[in-house]
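The values are calculated or read from the model by the stated rules, or taken from the named source; none is laboratory data. A quick note: this is a predicted structure, and the numbers were derived from the prediction, not measured. With ideal geometry, Cβ positions are generated from the backbone for all residues, glycine too; neighbour counts draw on all protein chains shown. Surface accessibility is based on the protein's heavy atoms, side chains included, excluding ligands, DNA and RNA. Shrake-Rupley method; radii C 1.70, N 1.55, O 1.52, S 1.80 Å.
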Amino acid sequence: MSRDYRRFYAMCKALGKTKEEAVFEFTEGRTKSCREMSDQEFDQLFEMMVSMQSSVQRIPNDWEPAPGDAMRKKMFSIAREMYFHKSTAELKIIIDDFCIKQKKKPLNRLDVIELGQVLSIFETKVKPDHLKELKR
């Protein structure tokens, strides 16, 4: 197997290590250079990093989105329809301002019941009013 340095460097970056740190740790301080490693050592290091990367990216089986996550996403979806030219950060400011006017809290501080109320207002009043203004 030929050495795939680009993929190796990308895996190092994903794991938050420099290539020198990864080699130094694997060779137990013998070297910091990939070139000084044998092909067998490089392959072993590569396989070890692949397994480390897959374990870091693994999502636990019991993971669930936060309550109200779908409603928050819907708020952003509606805001994106209304203000398609704005960035996500700008949309967050617009949504937070609206939520503060309605419930005195930003979007991420609202509980599920408050989210439902704010989403309903946003959907049934704010969006249609915005569309009417655009038609004028």
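Rounded to whole Å, the principal axis extents of the Cα atoms in the chain read 70, 36, 24, largest first. Taking a ≥ b ≥ c as the square roots of the eigenvalues of the Cα gyration tensor, region 8-52 is oblate, since a/c reaches 1.5 or more and a/b is not larger than b/c. May I ask you to list the aspartates and glutamates whose Cα is less than 15 Å away from that of Lys17, ignoring any residue fewer than eight positions away on the same chain? Those aspartates and glutamates meeting the cut-off are Glu25. Length gained on full extension, Glu133 to Gln117: 3.4 nm, using 0.36 nm per residue less the C-alpha separation.
At a probe radius of 1.4 angstrom, the accessible area of the chain per residue rounds to 72 square angstrom. Of the residues His130, Val118, Cys12, the one whose Cα sits farthest toward the positive end of the charge dipole of the chain, with +1 on the Cβ of Lys and Arg and -1 on the Cβ of Asp and Glu, is His130. Testing the spin-label approximation: label points 7 Å from Cα along Cα→Cβ at Gln102 and Glu64. State their distance in nm. Reported label-point gap for Gln102 and Glu64 is 2.4 nm.
Fully extending the segment from Lys73 to Ser2, taken as 0.36 nm per residue of separation minus the present Cα-Cα distance, adds 21.1 nm.
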